[in-house]
Amino acid sequence: MQIGYDPEFIGGGLRVPLPTVNATLGRSVLKSASLRDERYSDHVHFSVLMNEHTRQLIYSAYNIDQSRFKPKPPGNGERGWRNDPNVGRHHQLDNDYYKDRKTPSGAKIPNPYDRGHMVMRFNNMWGVDNTESDKAGKATFIYTNSSLQHENLNRDEWKALELDIVREFKDDANDRLSVFTGPIYGDLDRHINLSDSDSARVPSGFFKVICYARKEAPAGEPLGVMAFAIFQDAEVLRDKKGGKQVKTNQNYQVTISELQDLTGIHFGKALYDANPLLYRNVPANRRTAHSLPERIPVVPSNSVITESAEDRPEVEGLASRRIVIISAMINPKGTEASGEWVSLHNRGDRKTSVTGWRLIDGQGREVTVEGSIESGGALRLKGSTLGKLRLPNSGGNLSLLDKRGGLVDYVSWSNAQLRRVAEGTAFLFDNQNN
C-alpha cells in the first residue's frame, strides 16, 4: 500500500518532486520530529505540508491511478472527520472552526464554510484491492487535508473541477496523475473568530496543479502540466442565500508562474517549462488589462488548454476581442425554451464570419453558429439556431469558441444577478470586465 506522495509515480522516466517554498513562506512551515523529514505528514496516496501560523495546509500532494479506481458510497463512520495523528492538535483547525454558532439567546448562526477536501475522497479511492481503496478514501477525512472553503464554492465550482477535470482526466498516456492542491491567501483575507484571541484565516481561493504523461508528446516534451485557481470572491459570498450556481470571473486555468507569485510555492523548472500558458509578472505592465495572464474557464471542460501557445494562434484578452456574447434572454415571459435567445455582437471595425464557431453552455451542450456579423451589428440565436442550449434561471455560463477551438468569449450569471432583471427583459453581459 502506497503511503505518502511518490514523485516517480507517473513513470516513463518522469519525476515530479514535491514543491519547495520561498524564504518567506518557509518561516511558516510546521516542523516537528513526528513528521517525515520533520515537515511532511504522510497518508494513503498523499502527503501534506502544513502552515504553522494558519493551522491549515500549504499544499497536499497526491497520486491517482485511474486504472485502479474502486469507489463506493461511504459506510458508517467513514465521513467522521478527525485530527491528523502526525500533527499536534494545536497545529490544525478542528471542527470548532467549521460548526454552526449560537447567539447568547440560543439562536443558530450558520457557518458558511465547509471542510473543503483538498484531496477528494472519491478521487483518492484507488488501489490494488478494495481494502486499499477503502483506507485511501477514509484517510482523506483529516483536518490537515481540509481548508475553510465557502459552501457555494465547495459544492459547486470546486466540485466541478474535482469531478469534471481531475476525475475525468483523459489527456494522459497511462492513467497516472500527480496532483498538487491547496489554499491561496491574499492581503485582505477574512477570518473565523472563536474569541478575541483565537481566529482562523479564510483563504482567498484554492489552486490545483495536474501533472501527467502526455499522449503522443512531441520530442523532448513528455510531461503535461495544467494549473487552476478558483477564488472565494465577493460574488460567492453574495450568493450564499441565493441559488447554488455562483458566478465567479476567476475560476480559470492559470499558469505555474502565476501560482508561484500568488502562493510562494515553487513547483520547479520542469513544471514551469511544461506549463503551456504564458505569464510574466512585470510591474510596469500591470497598468493595462493585457498584463493579466490568459485564463480559460474550467467549465466546459473541453475549453481546457493542454497544448502549447503555438497551437492557439491569435489568442488575446477577452476585453479586446471583436465578437462578444453581448446579451441573452434568460428569463423570458411564457415558455422558457422557445423564448430564450443569445445575441452575439461585433464591436470590431469590419464584417466578420462566424460560420463554424461553437456556442457551448455550462452543461456541455453546444450549437454550431452560421453566418456573418457586420461591424456594429449583432446576430441573434433563437429557436433552431440556438439548438439544445439552455439558459437556466438558477445560474449558468456560455463559452464562444472559434472554428479552431480557441476561446473567443465567456460569460456567466448567477441566480442573484438574474433576480435584479425583470421577467422578459434581456440580461446584458458586461464584456469590458471579462
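The values are calculated or read from the model by the stated rules, or taken from the named source; none is laboratory data. From a predicted model like this one, the values you see are computed outputs, not experimental measurements. Note that each Cβ is placed from the backbone with ideal geometry, even for glycine, and that neighbours are counted across all protein chains shown.
Conditions (1) among the basic types (Lys, Arg); (2) over 27 Å from the mean Cα position of the chain (by Cα); (3) surrounded by 18 or more Cβ atoms within 10 Å (Cβ to Cβ), marked per residue:
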site	(1), (2), (3)
Ile323	no, no, yes
Asn331	no, yes, yes
Glu370	no, yes, no
Ile373	no, yes, yes
Gly376	no, yes, no
Lys388	yes, no, no
Arg404	yes, no, no
Ala426	no, yes, no
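Taking segment 57-116 as the range and being crowded, with 18+ Cβ neighbours inside 10 Å, in contact (Cβ under 8 Å) with a residue 60 or more places away in the chain and hydroxyl-bearing (Ser, Thr, Tyr) as the test, the residues that pass are Tyr59, Ser60, Tyr62, Tyr97, Tyr113. Scanning segment 354-363 for residues that are farther than 19 Å from Asn393 by Cβ and either over 25 Å from the mean Cα position of the chain (by Cα) or surrounded by fewer than 17 Cβ atoms within 10 Å (Cβ to Cβ) (or both) yields Val354, Thr355, Gly356, Trp357.
The listed residues are Glu162, Glu151, and the only one of them that is surrounded by 19 or more Cβ atoms within 10 Å (Cβ to Cβ), acidic (Asp, Glu) and within 24 Å of Tyr98 (Cα to Cα) turns out to be Glu162. Among the criteria (1) within 17 Å of Gly264 (Cβ to Cβ); (2) surrounded by fewer than 16 Cβ atoms within 10 Å (Cβ to Cβ); (3) in contact (Cβ under 8 Å) with a residue 40 or more places away in the chain, the one Ala227 does not fulfil is (2).
Within segment 130-177, the residues that satisfy the criterion of being in contact with a Lys or Arg (Cβ under 6 Å, 6 or more places away or on another chain), among the small types (Gly, Ala, Ser) and farther than 19 Å from Pro112 by Cα are Ser133, Gly137, Ala173. Just one of the listed residues (Lys240, Lys208) is assigned to a loop (DSSP other than H, G, I, E, B), within 21 Å of the chain's Cα centre (by Cα) and either at pLDDT below 85 or under 21 Å from Ser399 (Cβ atoms) (or both), and it is Lys240. Filtering segment 30-47 for residues that are under 20 Å from His191 (Cα atoms) and in the same structural domain as Pro203 (by TED's automatic domain parsing) leaves an empty set.
Here the condition is being surrounded by 13 or more Cβ atoms within 10 Å (Cβ to Cβ), within 22 Å of Asn415 (Cα to Cα), over 26 Å from the mean Cα position of the chain (by Cα) and among the hydroxyl-bearing types (Ser, Thr, Tyr); of Ser343, Ser327, it holds for Ser343 alone.
Note on segment 187-215: residues that are in contact (Cβ under 8 Å) with a residue 24 or more places away in the chain and surrounded by fewer than 14 Cβ atoms within 10 Å (Cβ to Cβ) total 2.
The rows are residues; the columns are (1) in a loop (DSSP other than H, G, I, E, B); (2) among the basic types (Lys, Arg); (3) within 24 Å of Ser338 (Cβ to Cβ); (4) out of contact with any strand residue (DSSP E or B) (no Cβ under 9 Å at 6 or more places or on another chain).
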site	(1), (2), (3), (4)
Thr355	yes, no, no, no
Ile360	no, no, yes, no
Gly364	yes, no, yes, yes
Arg380	no, yes, yes, no
Gly387	yes, no, yes, no
Gly396	no, no, yes, no
Leu400	no, no, yes, no
Tyr410	no, no, no, no
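Within segment 133-187, the set of residues being closer than 21 Å to Trp81 by Cα and in a strand (DSSP E or B) comprises Ile142, Ser146, Ser147, Leu148, Gln149, His150, Thr181, Gly182, Pro183. With respect to (1) of a type in the set (D, E, K, R); (2) surrounded by fewer than 18 Cβ atoms within 10 Å (Cβ to Cβ); (3) in contact (Cβ under 8 Å) with a residue 24 or more places away in the chain, the lone exception for Arg27 is condition (3). Restricting attention to segment 18-39, the residues being under 11 Å from His266 (Cα atoms) and among the hydroxyl-bearing types (Ser, Thr, Tyr) number 1. Based on what the data block shows, is Gly220 buried (at least 20 other Cβ atoms within 10 Å of the Cβ) and either part of a loop (DSSP other than H, G, I, E, B) or at pLDDT 85 or above (or both)? Criteria not met by Gly220. One residue alone among Thr54, Thr103, Thr20 is closer than 18 Å to Tyr5 by Cβ and among the hydroxyl-bearing types (Ser, Thr, Tyr), and that residue is Thr20.
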